[in-house]
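This report concerns only the one structure given below.
Readers should treat all values here as calculations from the given coordinates under stated rules, not as data from a laboratory. Note that this is a predicted model, so its numbers are computed, not measured. Note that each Cβ is placed from the backbone with ideal geometry, even for glycine, and that neighbours are counted across all protein chains shown.
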Amino acid sequence: MKNKIKDLFSLYKKYGWDYTCNTICRKLRNGRSNDYGLWIKYGEKRRQERSLQYNPIISIVVPVYNVKEEQLVDCIESVRSQTYTNWELCLIDDASTMESVREVLKKYEKQEKIKIIYRKENGHISRSTNDGIFVAEGEFIGFLDCDDFLADNALYEVAYLLNEQPELDFIYSDEDLVTEDGKTRFSPIFKPNWSPDTYLSHNYTNHFSVYRTSIVKKIGGLRVGYEGSQDYDFVLRFTEHTSSDKIAHIDKVLYHWRVRPESVASGNDAKPYVFDAAKRATEDAIQRRNLQAVLEYEEFTKQYNVVYQMDNEPKVSIIMPIYHDSKTIENTIQRIKENTDYKNYEIIMIDCIEVNKKETQNIAKRYNCKYIEFQENYHYAKMCNLGLQQCEGEYIIFLSDLIEILSSEWINRMAGHCRLDYIGAVGTKVIYPNGKYIHSTGVELVGERFSYVRNHYLNERNLSVSLNSNFLSISEYCYMVKKSTFLKYGLFDEEFKDKYAVYELCVRLFENGLYQVTRPDIKVMLWKINKMIENKTEKDLYFSKKILKKYKGNLSKKYLHNKNYSAVVPLVFAKETKICKYIPKKVCQCEWLEDSYYELRVAWENGLLQFYGYLFFGNKKRNLLDQVWLIIKLENEQEMYVQALKEYLGGFDNVEYDKMGAKWSGFFASIPCQQDKSKEVEIEIVVTSALSSKSYGIRELLQI
C-alpha cells in the first residue's frame, strides 16, 4: 500500500492532479470494463471461407527456448488447427535447459509439415530464427513466438489477401494480449495501414507479420546483436527492398500475445535493452537511407523521434488568412518574430472584407509583412490560393491567425521533414488555450466524417502525442507544404470551405502516394477557440461526404485509421443496452451542471430508437465521471432508465478537451420504439462518479 501511495504522489508531482485522477479512474475500471469483450462478441467478424486459386506455402518459424509445456503446445496446435492448410512449421530449439521442451518437441517430430531443429548451443533469438529461415521452403515466412498463438483463421486471411493482391511482399495484422493462462483476451492493438514515419518512430506492426521469403533471404534474415528489437531492425531493412504499395494491413486480430512478467507485452520496463537495440536499428536505417537526421530522446515513451536537418535555409513563406480581431492577429505575429530561430522567411497577411483593413495594414507595416487584400467574405481556400500566387518561398506554411508559436525550431523541423520525397504535408501538435490539453495531433476519416485525433493531457504517455505519426490529414491550424507540390498536384479546391479544403488537399496528396505527418515536438497553442471552424454542424458530414464522393468513396480501404476504432462499431451492441427498473440512488439525486451540455443524435433502425452523442463538461470533477445513464420519457409512456454504452473501445479514457473542460468520446443507447415523427421525447442524461456518491446531469427536451 505504501508503494502505491508513493507512486500516486509521484504521478501528482510530475503530471498534476488531473492526470492522477484520470489514472485512478482508469485503474478502477480496468477490472470491470467489458468493452473489448463486447467487441469480440459482436464486432469481430469472420470471413466466409471459400477455396482459393492461389495457395502459396506459408512457413511459420518458431524459435523455442525454455517455455512452459502448455504454452508451447498452445503455440504449435494453433498452427496445426489453421483453416488454411498449405503451411509448414519450423521449430528451432535454442538449446533449452528445460527438459519438458524437448519432450514436447519429440511428440511432433514425425508430424507432417513440421520441421524441428535442435541447436547444440544457445545462440539467442536471431541465430535460432535464422536457422528456421534457412530450412523454410514456403513462398512466404511468418514469425511466431513460442509462448504466443494464432487465431485459427490467421493464415487464411493472409492467403485471401494474397489472392487479391499477389504482388504483396509484407502483410501484418492486428493483435491483442492474453493472460498468462491464455484464457482471457484484452488490450487490442488496432494498427494503422502502412505509415512510414510512424514506423520509423516505433515498431507498431509487430505480430502477426508475413514476409516474402526471397526478400527475407536476400537481406540475410535477422541481424545478431539487435536482440530485443531484432524484428524492428528486420522490418526497417526489409522495407528498403520493397515499396509502400506492396505492404498491406489486415484489420483483424489474428495474433494473441501472451503476457508474462519477463515479456515485452508486460510493459516497457520488462526488457530495458529493447530500447537501446531499437535506437541502434533506427540510427542504422538513417545511415543506410542517406538521411540528414538525428535521434532525439522522448522521455514519456522512452522512444526516439527522428529530427531531419537542413543544409541551408531556403525561403519559407508563412501565409496567414486573416479573420479575427487585430489584437489576436498582432499577438500571433509577435510570437512568430520572438520564437523563430529560422531567418529566411516572409509573412503574407491576406485579409477579407469582414475585418478592419486599416488595423490589419498597420500591423503588416509594423512587423514588415506582405499585405494582400481579398475583396470577398472570408473563404479559406480562395485566400490561400491568392497567397500562393504571390509568395516567394520554396516551402509554404499555412498558419491560422489564432496560433501562438511555442517551439523556436518549428520552421527548421518542419522544412527538414517536408523536404523528403514521399511527404505531402507536415503538421504540428495543437494545444488548447489553457496550455494543458491537446486539441489535435492529426485528422482521420472515422466512418463518413473527418475527425480530429485527440488525446488527453499534454504529458500523456501516448505514442501519437509524443512521436512522429502519419495521418490522413494534418490539422488545419499550422502545416507546411512544398510549393512544388502545389505546382504538381494543384492548388486548394475552392469548392471546399474552411478546414475541408485542407482535408481535400491532404486526401488528394495521399491518393498520389504522398504521406501527411504530424511532428508533436512542434507545439502551437490556440489563443482561443475558432467557433466558425470548431462548431459541429451538418456541413461536417456534407463536406466529408463530398470529399468521399470526389474520390469515389474508395478511401475506406486505404486511409490510415483502423476501422475497428470507428464510431459506427458500437451500433452492433444494441442488444446489450440495459433498460433498468432499479438504478443507483445517486442517478435519481443528481447535481445539475449549468456550464455543461451534450450533443445528441437520434435515429430509428430495425424497430429501435437509437441515441448516440457526446458529452461536454465544465465541472472540475470531470475526471471522476464514470458511467452514463439516459432517463428517457416517451410521450404517453413510462420513464425508462437506460445504462448507455461507451462509444469507443477505450471508453471514457478517450476524452477530448476544449477550453471549458472535457468533451467525452461519446455514448450510445437504444430502446424498442416504433417510428413516429410526431413523438416528443424528454431526456435526462446523468453521469455517475467512480470515486464519490455524487452524480451530475443535464436535461434537454428533444423534438423528433
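Key figures for this structure:
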read-out: Average Cα contact separation per residue, the range 349-411, under 8 Å, 6 or more apart, as relative contact order %; value: 32 percent
read-out: Among the listed pairs Lys337/Lys497; Lys246/Lys483; Lys218/Lys488, those beyond 32 Å (Cα-Cα); value: Lys218/Lys488
read-out: Phe186 versus Lys217: modelled label distance in nm, points set 7 Å from Cα along the beta carbon direction; value: 4.4 nm
read-out: Low-density loop cleavage sites - trypsin sites (Lys or Arg not before Pro) in the range 337-394, where at most 10 other Cβ are within 10 Å (DSSP); value: Lys343
read-out: 5 angstrom amide H check on Ile117, placed H, neighbours 5+ away; value: Leu91, Ile92, Asp93
read-out: Residues Lys315 and Glu494, FRET efficiency given R0 of 45 Å [Cβ-Cβ distance, rounded to 0.05]; value: 0.95
read-out: Burial order of peptide ranges 318-325, 90-97 (average beta-carbon count within 10 Å, highest first); value: 318-325, 90-97
read-out: Inter-probe distance in nm under a simple model that places probes 7 Å from Cα toward Cβ, at Arg280 and Arg260; value: 2.4 nm
read-out: Inter-label distance for Glu682 and Gln390, nm, one decimal - labels placed 7 Å from Cα along Cα-to-Cβ; value: 5.9 nm
read-out: Dipole moment magnitude, nearest 20 debye, the range 293-373 about Cα centre, only Lys, Arg, Asp, Glu C-beta charged; value: 360 debye
read-out: Assigned charges on the beta-carbon of Lys, Arg, Asp, Glu; the range 124-207 dipole about Cα centre (debye); value: 180 debye
read-out: Long-range amide H partners of Ala293 with built H, under 5 Å; value: Gln309
read-out: Long-range HN-HN contacts of Gln303 with modeled amide H, under 5 Å; value: Glu298
read-out: Residue-wise HN-Hα coupling along the range 331-340, computed from phi with Karplus coefficients 6.51, -1.76, 1.60 (Hz; x: Gly, Pro); value: 4, 4, 5, 4, 5, 4, 5, 7, 10, 10
read-out: Two-site FRET efficiency, Arg289 against Asp341, from Cβ-Cβ distance with R₀ of 25 Å, rounded to 0.05; value: 0.45
read-out: Relative contact order computed over the range 187-259 (Cα-Cα under 8 Å; 6+ residues apart), in percent; value: 42 percent
read-out: Among Leu222, Tyr323, Pro188 the positive-end extreme of the charge dipole of the range 185-326 (Cβ point charges); value: Leu222
